[in-house]
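Inspection log for the structure reproduced underneath, given as structure tokens.
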Amino acid sequence: MKLPLALCLFAAAAGIRGRAETNEKPPYPASSVIEDIVFDWSTHRRAAQGSDNWQLTWADDDHLYGAWGDGGGFGGTNNDGRARVGYARIEGDWDNYRGYNVWGGMNAEHPATHNGKSWGTICVEGVLYSWVVPDEPDPTGELSDGFRDHYRYIELCRSTNHGATWTKASWRWWREDDVIIPTFLVYGRDNAGARDDYVYSYFIRPRDVNVTQSTFKLAVHQPGALFLARVRKTQIFDGRDAYEWFAGLTVDGRQSWGPLAGKKPVFEDPNGTGWCVSVSYNPGLGRYLLATEHGVTEASHIGIFDAPQPWGPWSTVKYWTAENPFGKSRPSGAVEWRENIFFVSFVLKWLSADGQNFTLSFTGAGRGKDNDSFNTVRGEFVLRAQGKPGR
């Protein structure tokens, strides 16, 4: 039976799970460096049940820090210790780590003092910075429909004491700037290995500048595109005018940077980009790795891409689809599982020196169960015979 057109449009706008209305072909050619990704699912570990998100940064004190959402963090549940947003510290190696709730959550070292959500935290010279989007109606009342709206604006928070307290910057980016839900490009320990004195952030282009979470939900934005901004590491907190935006390449191949109004996408996928993204640098391989959803959200349709520079050119490492979703090859019955992954990221502290062996963290939309948690799995990049490119 065919659905009425209005109902079909509503289903698409609401982000209803199911087969994407795309052919799910990768947007870029296959990587010339990485031939495949192989996971060792016997290493799959799950913690912080009920708490999702978990993009991590490797700090100067050799620990990992990152935000979770809607749960009690380590030692909590979906209800016990529940915080709308919290920050955790993770100590140890990939096979023996322990998590601690620094700010918010069950038995937290420090209480949470604001709400929001975050998919981007970085440590630079011992200071943590975190992009935060709202998880409540716009308190200014501007263009608010009374519902929480991750898309309304973007704030930057800073912590000079490894997450114990956070201070918000006085400025914002707004949905009308054609940008939503950013993440940082993360390098090694305390941002070691950064290509220059800039800190880079990727911003998702929304479906349109009027999109709200109540009408569009947290769905894949099509056609998908990401913008790239940079700021000197000494000016991260200074304000909007300190940031410059990638505006394309010149005729001789040099990158061009300018004001927000002149920004150009650095990544595009006709099948869409998710409402969250992760980007990291793998020094052993000399490649930047970008991960995001496509097609439909909360269905394990994840793409991983690599490039020699933060702005590309991109190629496809892996493109999981409806026929072959992320995690399909894992042993059945090991843990409770559903095809609901929406976010993955590489944990740089747990990367081998040659860049081939890694730990991937991932999270899903299990509503307090299964992949709505902090998950890690060990993996390996299978390299092509022609070897590794230089940086």
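Every read-out reported here was derived from the displayed coordinates using simple, explicitly stated rules and does not represent laboratory data. Computed from a predicted model, the values in this text were never measured in an experiment. All Cβ positions, even for glycine, are placed from backbone atoms using ideal geometry, and neighbour counts span all protein chains on display.
For the reader, a short list of remarks on this structure follows.
- A full extension of the chain between ARG330 and THR165 corresponds to an added length of 55.5 nm, given 0.36 nm per residue minus the alpha carbon distance.
- For the range 241-348, applying the loop criterion from DSSP together with a ceiling of 14 other beta carbons within 10 Å to the GluC sites (Glu not before Pro) yields GLU323, GLU336.
- Given their separation in residues at 0.36 nm each and the Cα-Cα distance between them, GLU268 and ARG254 gain 3.1 nm when the chain is fully extended.
- Rounded to 5, percent antiparallel among DSSP beta bridges of the chain: 95
- Extension gain, ALA30 to SER214: 0.36 nm times the residue separation minus the Cα-Cα distance gives 62.6 nm.
- Across the chain, the mean sequence separation of Cα contacts (distance under 8 Å, 6 or more residues apart), normalised by length, yields a relative contact order of 19 percent.
- Between VAL38 and ARG367, the simple spin-label model (points 7 angstrom out along Cα→Cβ) gives 3.9 nm.
- Mean residue ellipticity (222 nm) of the chain, computed from DSSP H runs ≥ 4 via -39,500 (n - 2.57), nearest 500: -1000 deg cm²/dmol
- Listed peptides 172-178, 313-319 appear in the order 313-319, 172-178 once ranked by packing, highest mean of other Cβ atoms within 10 Å at the front.
- With R₀ set to 25 Å, the beta-carbon distance separating ALA242 from ASP62 gives a calculated FRET efficiency near 0.30.
- Convex hull volume per residue for the range 32-383, taking Cα atoms only, in Å³: 128
- For the pair the range 164-207 / the range 50-118, the C-alpha centres are spaced 19 Å from each other.
- Set of lysines near LYS328 by C-alpha distance (under 24 Å), chain-local residues within fewer than 8 positions excluded: LYS25, LYS318, LYS369
- Ordering of 300-308, 112-120 by packing [mean C-beta count within 10 Å, highest first]: 300-308, 112-120
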